[in-house]
Structures are given as C-alpha cells and as structure tokens.
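Any read-out appearing in this document is the output of simple, stated calculations on the displayed coordinates, not a laboratory observation. Bear in mind the structure is a predicted one, so any value in this text is a computation, not a measurement. When we count neighbours, we look across all protein chains shown, and the Cβ atoms used for this are built from the backbone with ideal geometry, even at glycine.
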Amino acid sequence: MAKTVIISGVFDLFHEGHAYLLDEISKYGDVFVLIDNDESVRRRKGAGRPVNTATKRMLDVLATGCVAKAVVKEEESPLNIILQYKPDYIAVGDDY
C-alpha cells in the first residue's frame, strides 16, 4: 500500500516554491493537497485575496503531475480531514 502525505495551504499565485515543495514531498508518498477555501483566505490574508479562486488553485496544484488528490477544505482546520484519511506524513512549508 502506498504511503500518503497531506499538506494544507492557500497555494494562491502558484510559483516555483510551491512546485518544488510538492515535488519534494511526493518522494515520500502520494500527495493529498487541502486547499483553503476563498473565505478562509480572505479572512487570513486580507482584502484582494485570494487572487485566484479555490478551483483554479486546486487545478494549479494538480497540474504539477506530482499531486494525487486535491480538495477545497471548508473547515478552517485540516484536523478532521487528517483524522479521516490518516496520512503517513503531514507536510508543512518552511514558512510555518
């Protein structure tokens, strides 16, 4: 059975740092990305954010080819999804 890695984030204005992070964590297993919904991003990042919709951000991470699954999370915390899927690893970017 394949190992799984969950990462949660905004992934707005997708850039090479995002692509690098997703590629690196894909070395540990199938990557499952939890995308923050638009309202959550507005609350946390302020006016004018997100620049891209949650659907566009989800498609951006899937387009990397190293992400097995991506969903828009409706809850602020990823805890319930983590408990449901029981990943082998939980990844975070170096900004946390």
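A few comments on the model shown:
- Candidate set: region 73-96, residues that are more than 21 Å from LYS27 (Cβ to Cβ) and of a type in the set (D, E, K, R); chosen: the one surrounded by the most Cβ atoms within 10 Å (Cβ to Cβ): LYS73
- Here the strands (runs of 3 or more DSSP E) wholly within region 15-96 that include at least 2 residues being in contact with a Ser or Thr (Cβ under 7 Å, 6 or more places away or on another chain) are 30-36.
- The single condition among (1) surrounded by fewer than 18 Cβ atoms within 10 Å (Cβ to Cβ); (2) touching a residue at least 40 places away in the same chain (Cβ under 8 Å) that GLU24 does not meet is (2).
- In region 46-59, the residues that are out of contact with any Asp or Glu (no Cβ under 9 Å at 6 or more places or on another chain) and either aliphatic (A, V, I, L, M) or surrounded by 18 or more Cβ atoms within 10 Å (Cβ to Cβ) (or both): ALA47, MET58, LEU59
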